[in-house]
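Worksheet for the structure shown next.
The values are calculated or read from the model by the stated rules, or taken from the named source; none is laboratory data. These numbers come from a predicted model, not from an experiment. Cβ sites come from the backbone with ideal geometry, for glycine too, and all protein chains shown count toward neighbours. Just the protein is used for accessible areas: all its heavy atoms, side chains included, with ligands, DNA and RNA removed. Shrake-Rupley method; radii C 1.70, N 1.55, O 1.52, S 1.80 Å.
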Amino acid sequence: MLNLTADFKARSTELPGLFRDVFAASEGEDEGSTVGTLVQDLLKTTPDDDLQGVLALDGSALAGCVLFSRLSYDQDPRQVFLMSPVAVRTDRQKSGIGQKLIGFGLDELRLQGIDFAVTYGDPAYYEKTGFQQITETFAQPPMPLSMPHGWLGQSLTGAETPIEGPSHCVNAFNKPALW
């Protein structure tokens, strides 16, 4: 039976390996290493208020995880979080776990009063969970994007107005190669 929880810190030692394995299987060893290191950095260097996460547990086994980190906009008081990275164990993919996990994570952000979520990835996948393509002028990313069509956003409050000003990401994401 699948269990969803926001207690991602309880399994934090397993998370870098989960992300490394999932991304290595789909994108190659280099990408797996990069994402595994990113997750390790997120967990070690990001202040608690700036990092959220949700897990999918299949019994006691970790089936998936979504991490959310704060994006700060200098000229906008709204709270914005970046949903990245997202991983579902390779033997559990294509079973709806990812979409359920993303929906649960977004609901958790809403409960905490977060206004907007952004992500950077495949529009065909993330649009299934309510994300829509946005422009860099609607919500400026913290770094230049290598694939601007993958910049996606979702209001968690119903307000669809642009987010003002330049943005800043948490330290772990402050690397141009990740964008």
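What to note about this one:
- Within the stretch 1-101, none of the chymotrypsin sites (Phe, Trp or Tyr not before Pro) combine a DSSP coil assignment with at most 15 other C-beta atoms in a 10 angstrom radius.
- For the stretch 1-73: rounded, prolate or oblate by the Cα gyration tensor [a/c cutoff 1.5]: oblate
- Ratio Rg/Rh, restricted to the stretch 88-179 and using Cα atoms, in which Rh is the Kirkwood radius: 0.97
- Rolling a 1.4 Å probe over the heavy atoms of the protein chains gives the stretch 91-175 an accessible area of 51 Å² per residue.
- Computing Cα extents along the principal axes in Å for the structure here picks out one of [x] 43, 33, 32; [y] 76, 33, 27; [z] 41, 38, 29, namely [x].
- Centroid-to-centroid separation of the stretch 82-109 and the stretch 9-41 [C-alpha atoms, Å]: 15
- Cα-based Lys pair tally, the stretch 1-160, threshold under 26 Å, eight or more apart or on separate chains: 5
- Residues listed by number, the stretch 2-24, amide nitrogen under 17 Å from Asp58 label point at 7 Å toward C-beta: 2-5, 15, 18-23
- Surface share of carbon and sulfur [accessible, 1.4 angstrom probe, percent] for the stretch 5-139: 46
- Protection proxy ranking of 101-107, 132-138, by the mean of other Cβ atoms within 10 Å over each peptide's residues and highest first, is 101-107, 132-138.
- Cα gyration tensor, the stretch 1-43 - rounded (a/c under 1.5), prolate or oblate: oblate
- Cβ-placed point charges (K, R +1; D, E -1), dipole of the stretch 1-80 about Cα centre in debye, nearest 20: 240
- The stretch 58-72 versus the stretch 126-156: alpha-carbon centroid distance in Å: 20
- A DSSP coil position with no more than 10 other Cβ atoms inside 10 Å describes the following trypsin sites (Lys or Arg not before Pro) in the stretch 54-157: Lys94.
- To the nearest 10, the accessible area of Ser33 is 60 Å² with a 1.4 Å probe.
- Remark: spin-label model distance Arg11-Thr161 equals 3.9 nm, labels positioned 7 Å along the Cα→Cβ axis.
- Estimated at 0.36 nm per residue, the fully extended path between Asn171 and Ser146 surpasses their Cα-Cα distance by 7.1 nm.
- Under the convention that each Lys and Arg Cβ holds +1 and each Asp and Glu Cβ holds -1, the size of the dipole of the chain around its Cα centre is about 340 debye.
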